[in-house]
Amino acid sequence: MAENLLHHPITEHEQIINLIPQKEPFVFVDTLFEYTALTGITGFKVPENCILLDGNKLSESGLIEHMAQSMSLHRGYQGSLSGQTKPKTGFIGVIKTVEILGLPEVGEKLKTYVEILHEIMNVTSVSARTENEKGEIIAISEMKTVTVE
């Protein structure tokens, strides 16, 4: 098991925004709990003014975007460790699998576990598992992300 390289979680909004290429109102991560070279744990409290709500719940696409941005946050922190001042832009190339088992409500806190499975050049294969506050798995996915310079 690799060691968590974070001394304490990153929760400050400004710091999170500086680690990801996305900007408001399209930000779907608010915490980096743990970081290793191949894994990360992120968090997101579903805000009332979220642009991807379906009624009072985060939509399926909002949940998928949260998982993708969890990977982006991991990658951004990795870049900051190596001296990058600006996060690289990436996008979802392929969603291999996605299973949505539940949708979180406004105010609910999510925890997402990301793991890099393979990396070849600018293409990264990653798995993500999102849990609700009760620790129940509400979404699982495997996707390939592409990073552009």
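Read-outs: derived from the displayed coordinates by stated rules, not from any lab. Since the structure is predicted, the reported quantities are computational estimates derived from the model, not experimental observations. Because the Cβ atoms are built from the backbone with ideal geometry, glycine has one as well, and the counts that use them run over all protein chains shown.
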Near HIS13, within a Cβ-to-Cβ distance under 14 Å, what is the net charge of the other residues, with Lys and Arg +1 and Asp and Glu -1?
-2
Per-pair calculated FRET efficiency, R0 = 30 Å: LYS144 and LEU6 via Cβ, rounded to 0.05:
0.70
With the dipole of segment 1-124 defined by +1 on each Lys or Arg Cβ and -1 on each Asp or Glu Cβ, the option from GLN84, CYS50, VAL106 whose Cα lies farthest towards the positive pole is GLN84
What's the long-distance tail for the chain, i.e. % of Cα pairs beyond 20 Å?
42 percent
Where Rh denotes the Kirkwood radius from the mean inverse Cα pair distance, what is Rg over Rh for segment 86-149?
1.04
As a test of the formula, what do you get for the chain when each DSSP H run with n ≥ 4 contributes -39,500 (n - 2.57) and the sum is divided by the residue count, at 222 nm and rounded to the nearest 500 deg cm²/dmol?
-6500 deg cm²/dmol
Hey, rough spin-label estimate for SER80 and GLU133, points 7 angstrom out along Cα→Cβ, what's it come to in nanometres?
2.6 nm
Can you tell me which of GLY93, GLY76, GLY135 moves the most in a GNM of the chain? Springs connect C-alpha atoms under 10 Å apart.
GLY135
In degrees, nearest ten, helix 60-81 long axis to first principal axis of the chain (Cα):
30 degrees
Once you charge only the Cβ atoms, +1 for Lys and Arg and -1 for Asp and Glu, what is the size of the charge dipole of the chain about its Cα centre, to the nearest 20 debye?
340 debye
